[in-house]
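Heads up, the thing below is written out as structure tokens.
Each reported figure results from applying straightforward, stated rules to the coordinates on display, with no laboratory input. These numbers were taken from a predicted model, which means no experiment stands behind them. Here Cβ is always computed from backbone atoms with ideal geometry, including for glycine, and neighbour counts include all displayed protein chains.
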Amino acid sequence: MNAAVHLSDVVERLRTHEHWTTFYFDRKTGEIIPITDTEFHLAEKPFLVECQPDGKPDVKQIARAVLDGNERYVQMPSSFDIDDYSIMERFCFSVEDERISRALSESLGGFPGRKLFELAINQHGVIEEWHGYLRLELRSIARQWCERNDIDFMDDA
């Protein structure tokens, strides 16, 4: 029997993703396991892969299993799979106040768009609306990921 995942846990991982870490869902235990690029690199060297003192596999063993194509571990959406810019852009268009909507949209143009956007949502007092919008978008991505990978989930997000 496959383990289920809490949608809120998936959303939290999507919200806090890092470019050098990939998260995997363990179908057997229900754990979400972060694996860094370094751990993947070390997993390619079999003499460095070992068990933990409690007998559970260490992250390098799990990385080795992932590299070997073990279907027990399902890759979660990465930062490359989540189009932050499009989410920010859709939020800008969803703001009813046309003046604020335009100001937010303009903040996305140029470098550094994300930083200017964050300044703009603070300046215009729509930070709570942005966080709510982002949470809903990430929840949708999490739900689609679960459905695409036949993962049972508890909708607690």
Other residues with Cβ under 10 Å from the Cβ of ASP155 give, with Lys and Arg +1 and Asp and Glu -1, a net charge of +1
Contact order relative to length for the chain, counting C-alpha pairs under 8 Å separated by 6 or more residues, stands in percent at 33 percent
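Rounded, prolate or oblate: which fits segment 84-145 when a ≥ b ≥ c are the square roots of the eigenvalues of the alpha-carbon gyration tensor, with rounded for a/c under 1.5 and prolate only if a/b beats b/c?
Numbers: a/c = 2.01, a/b = 1.55, b/c = 1.30.
Prolate shape, in that a/c is at least 1.5 and a/b is the bigger ratio.
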Karplus-derived 3J(HN,Hα) from phi for segment 89-103 (6.51 cos²θ - 1.76 cosθ + 1.60, θ = phi - 60°), whole Hz, x at Gly and Pro, runs 5, 5, 4, 3, 6, 7, 6, 5, 5, 4, 5, 5, 4, 5, 4
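Would you please put 79-89, 2-12 in order of how densely packed they are, using the mean number of other Cβ atoms within 10 angstrom per residue and starting with the highest? Before the final figure, lay out each step's value.
Details: 79-89: 14.2, 2-12: 18.0.
Highest-to-lowest ranking by the protection proxy: 2-12, 79-89.
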Going residue by residue through segment 27-40, the Karplus relation 6.51 cos²θ - 1.76 cosθ + 1.60 with θ = phi - 60° gives ³J(HN,Hα) values, rounded to whole Hz and with x marking Gly or Pro, of 4, 7, 9, x, 6, 9, 10, x, 10, 7, 4, 5, 5, 5
